[in-house]
Amino acid sequence: MALKVLIVASEVSPYAKSGGLGDVTGSLPQALCKAGVDARVVFPKYRTIKEEYLTSCQYLTGFDVTLDWRTQKADVYKIDSAAVPTYMIGNDFYFGRGGYYGYGDDNERFAFFCKAAIEFLDYIDFIPDIIHCNDWQTGPICVYIKDVYRKIKYFSGIKTLFTVHNLQYQGMFTRDTLTMMELNDGYFVGDKLEFYNMVNFMKGGLLYSDAVNTVSETYAKEIQTEQYGYGLDGVIRCRADKLYGVVNGIDYAANDPATSTKIFANFSPYHMEGKAENKRRLQEQLGLPVDPNIPIFGIISRLVDQKGINLILQSANELLSKNVQLVVLGTGDYHYENIFKDLAFRYPQKVSSNILFNDELAQQIYAGSDMFIMPSLFEPCGLGQLFAMSYGTVPIARATGGLVDTINDNENGFLFEDYDCGGLMWAVDKALEVYYDKERWWKMVMNAIHTRFSWDDSARKYIDIYNKIMEE
């Protein structure tokens, strides 16, 4: 009998996505199904979901979900066009808004979603072996399954896996959240959900799940330290015997330079002429001097501290004193957006700052750049370096998290250790040295474009974890 897994998340690509979480929950279920798992997905039905995805949406049923001070109806929809069985929990009171997060009642919104994501199983006649929860928004599921729904025969055999995509965001709320969730005050203690006099949804997932994993092996080690643990390192160390690391994959069919319709010219490891054409056209489109000998450094990122944007900006004048071009794509902190705009104004022949997000331009930057800068303060897994390498673009990254697990220094990219401008510029100089040695550079480009981290490999590792949980 096939292993049955329900993947629960606040984001699922392509329907709702703000970052890597959506990519994972959009791709992993397909790889699991391909490997013989009966995998299904459920996420909130946000108002912002594009109409094109709702045309094949089928209304299944509705039922009441009770929180202590409010009862709301959960409407269940199924997306018939999805590659795997994909469900949405609808409720306009909670999800009929302009964004996914950042509201004063996020505790109630996601507690409602967590209860609905468990209770709807009865209505679709599907009892999973594993509920695979993702990040703080689904942490309460682990608590509910372990202590509340376990008493109901229908749910009694379900196990949970909790995946940490980014430990920095924990879902912390006031004490009365427990009352709203219909959990007693006994949970407001240090070895349960209390965290610095707040209720912590992430902590609930870490403590009450049957196993925990992160999205790279190195990040699984890092979050057990004070530097990366964001106050939860002690909790995570207590779960070390049930803690795993699985590197995310990417969809190589959707990021294949040989077939992509979004880039200027197709190319492959065996016919690389199109790589140079993509560089020429990128320079032309962005108004930079067209010169094949000037190296292009690409940055596609959220413009926030975690991504090391402050290092890039502090090093910008030194970097731009060299014969290079810098192409930036992304949005984020207003302060950083303005500095990048100013750099483009001061260095019009060297910098193109694109303060927006455009998927087509992103693919063109991946394909047309020579190098990709990713100097993250921390990086649970990172997808940018994988996308870049699939287009033969060599990453320059800080040695942290999934960047360590996917980049081999001096083979398919460049890594630096110290989180400072000296470390970043040391790596940049090393990359430029190799760039001007065409034989060494060609070998590095070939190593990058042949680097593979597929979802098929990741799915097999997740199945191993699911089986370990089931055996206990």
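The values are calculated or read from the model by the stated rules, or taken from the named source; none is laboratory data. These figures come from a predicted structure and were not determined experimentally. Ideal geometry is used to build each Cβ from the backbone, glycine not excepted, and the neighbour counts take in all protein chains shown.
Among the listed residues Ile312, Ile263, Ile236, which satisfies the condition of being surrounded by 21 or more Cβ atoms within 10 Å (Cβ to Cβ) and not in a helix (DSSP H, G or I)?
Answer to the check: Ile263.
Tell me, which residue of the stretch 85-118 that is assigned to a helix (DSSP H, G or I) and among the basic types (Lys, Arg) is farthest from the chain's Cα centre (by Cα)?
Once the filter is applied, the top-ranked residue is Lys115.
Scan (1) more than 20 Å from the chain's Cα centre (by Cα); (2) surrounded by fewer than 19 Cβ atoms within 10 Å (Cβ to Cβ) for the single condition Asp251 breaks and write down its number.
Every condition holds for Asp251 apart from (1).
Could you tell me which residue of the stretch 143-186 is nearest to Tyr228 (Cα to Cα), considering only residues that are among the acidic types (Asp, Glu) and in contact (Cβ under 8 Å) with a residue 12 or more places away in the chain?
Of the stretch 143-186, the ones among the acidic types (Asp, Glu) are 147, 176, 182, 185.
With the extra rule that they be in contact (Cβ under 8 Å) with a residue 12 or more places away in the chain, the set shrinks to 147, 182.
On the way: Asp147: 29, Glu182: 32 Å.
Only one residue tops the list, namely Asp147.
For every residue, the table says whether it meets (1) modelled with pLDDT under 95; (2) in contact with a strand residue (DSSP E or B) (Cβ under 9 Å, 6 or more places away or on another chain).
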site	(1), (2)
Glu277	no, no
Ile299	no, yes
Lys307	no, yes
Asn310	no, no
Glu318	no, no
Val328	no, yes
Gly332	yes, yes
Glu337	no, yes
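Scan the stretch 41-62 and give yes if some residue there is farther than 16 Å from Leu121 by Cβ, at pLDDT below 95, surrounded by 13 or more Cβ atoms within 10 Å (Cβ to Cβ) and basic (Lys, Arg), otherwise no.
No: the stretch 41-62 contains no residue that is farther than 16 Å from Leu121 by Cβ, at pLDDT below 95, surrounded by 13 or more Cβ atoms within 10 Å (Cβ to Cβ) and basic (Lys, Arg).
Within 26 Å of Met446 (Cβ to Cβ), in contact with a helix residue (DSSP H, G or I) (Cβ under 8 Å, 6 or more places away or on another chain), in the same structural domain as Met198 (by TED's automatic domain parsing) and not in a strand (DSSP E or B) - does that describe any residue in the stretch 218-230? Quick ask: steps written out before the conclusion?
At the first step, the residues of the stretch 218-230 found to be within 26 Å of Met446 (Cβ to Cβ) are 218.
Pick out the ones that are also in contact with a helix residue (DSSP H, G or I) (Cβ under 8 Å, 6 or more places away or on another chain) and you get 218.
Filter again for in the same structural domain as Met198 (by TED's automatic domain parsing), leaving 218.
Remaining after also requiring not in a strand (DSSP E or B): 218.
Yes, because at least one residue in the stretch 218-230 is within 26 Å of Met446 (Cβ to Cβ), in contact with a helix residue (DSSP H, G or I) (Cβ under 8 Å, 6 or more places away or on another chain), in the same structural domain as Met198 (by TED's automatic domain parsing) and not in a strand (DSSP E or B).
Out of Val434, Val404, Val428, I need the residue that is under 19 Å from Gln314 (Cα atoms) and not in a strand (DSSP E or B). Which one?
Values: Val434 fails: under 19 Å from Gln314 (Cα atoms); Val404 fails: under 19 Å from Gln314 (Cα atoms).
Testing whether each residue is under 19 Å from Gln314 (Cα atoms) and not in a strand (DSSP E or B) leaves just Val428.
Being touching a strand residue (DSSP E or B) at 6+ places or on another chain (Cβ under 8 Å) and either crowded, with 21+ Cβ neighbours inside 10 Å or assigned to a strand (DSSP E or B) (or both): is that true of Ala459 here?
No: the conditions fail for Ala459.
Report the residue count in the stretch 440-456 for those that are surrounded by fewer than 17 Cβ atoms within 10 Å (Cβ to Cβ) and farther than 22 Å from Val246 by Cβ.
Summing the residues that are surrounded by fewer than 17 Cβ atoms within 10 Å (Cβ to Cβ) and farther than 22 Å from Val246 by Cβ in the stretch 440-456 gives 4.
If you take the residues of the stretch 170-202 that are over 21 Å from Ile236 (Cα atoms) and in a loop (DSSP other than H, G, I, E, B), which of them is farthest from the chain's Cα centre (by Cα)?
Asn184
What's the total number of residues in the stretch 203-217 that are in contact with a Ser or Thr (Cβ under 9 Å, 6 or more places away or on another chain), more than 22 Å from Phe113 (Cβ to Cβ) and not in a strand (DSSP E or B)?
Going through the stretch 203-217 one residue at a time, the tally reaches 1.
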